[in-house]
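Asks: My questions all concern the structure below.
The values are calculated or read from the model by the stated rules, or taken from the named source; none is laboratory data. Because the structure is predicted, anything quoted here is derived from the model rather than measured. Every residue, glycine among them, receives a Cβ derived from its backbone with ideal geometry; neighbour counts consider all protein chains shown.
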Amino acid sequence: MTLLEEIRRVADEATCLYTHAEVHEAIKAMAARITIELQDAHPIILTVLNGGIFFAGELLLHLPFPLEVDSLKAGRYQGATAGTTMTWTLRPSLSLKDRTVLVVDDILDEGITLSEIIRFCEQEGAKDIYSAVLVDKMIGKEKPATANFVGLVTENHYLFGYGLDYKNHLRNWPGVYACQTVY
């Protein structure tokens, strides 16, 4: 089976856990909580690429206060279905020193990536560090990092859609889906 055939098969067999409307409502509710907490902090919103783009794009539209936006690219999956060593390919261009930072990512899976990003923000001198994830996946064990703001919670499935990917594909699906089979 070719990769394209595999991607189509995964998409066809998947189960929708959260519709686009449900994701949208979860993001609006999370934005309200973030606004209460950070509206006077003039934060840097630090989007984790590539998965965080979809979530951050919508989240930012619901944050009615002064903020700055930057991004980083760090992760462990690199197009695979299992995480390996943390790889950094883009660091933020804004100085984090003495700033409040909100790290925005698509998923909190094992928590290793978020933990490393938080450590990086601490090393860069961030005053306060918060995190927001669209999905917190319950993996059945303690994680080295937890998110301050969570939109949705799922069981331990391999997920795609709304920024979450299956082998660098299916990020653009308009909801959150669980794979029935991972190849």
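Asks: Failed condition for VAL153, given (1) part of a loop (DSSP other than H, G, I, E, B); (2) within 15 Å of the chain's Cα centre (by Cα); (3) over 19 Å from LEU102 (Cβ atoms), with all others met?
Replies: Single failed check for VAL153: (1).
Asks: On to the next question. Would you call ALA145 in contact with a Lys or Arg (Cβ under 7 Å, 6 or more places away or on another chain) and either over 23 Å from LEU17 (Cα atoms) or surrounded by fewer than 13 Cβ atoms within 10 Å (Cβ to Cβ) (or both)? Don't jump to the end; show me each part of the working.
Replies: Numbers: in contact with a Lys or Arg (Cβ under 7 Å, 6 or more places away or on another chain): no; either over 23 Å from LEU17 (Cα atoms) or surrounded by fewer than 13 Cβ atoms within 10 Å (Cβ to Cβ) (or both): yes.
No, not satisfied.
Asks: Step by step: first the residues of segment 64-94, then only those that are more than 18 Å from GLU124 (Cα to Cα) and among the small types (Gly, Ala, Ser), then the one that is modelled with the highest pLDDT. Which residue is that?
Replies: GLY75
Asks: Which pairs have Cβ atoms under 7 Å, sit 6 or more apart or on different chains, and link a residue in segment 104-118 that is under 16 Å from LEU134 (Cα atoms) and polar (S, T, N, Q) to one that is modelled with pLDDT under 95 and not in a loop (DSSP other than H, G, I, E, B)?
Replies: Partner pairs satisfying both residue conditions: THR113/ALA74; THR113/GLY75.
Asks: Right, next: Inspect segment 119-137 for any residue being under 30 Å from GLU13 (Cβ atoms) and of a type in the set (Lys, Arg) and give the result as yes or no.
Replies: yes
Asks: While we're looking at this one, here's another question. Hey, among the residues in segment 1-45 that are without any contact (Cβ under 8 Å) to a residue 40 or more places away in the chain and small (Gly, Ala, Ser), which one's surrounded by the most Cβ atoms within 10 Å (Cβ to Cβ)?
Replies: ALA31
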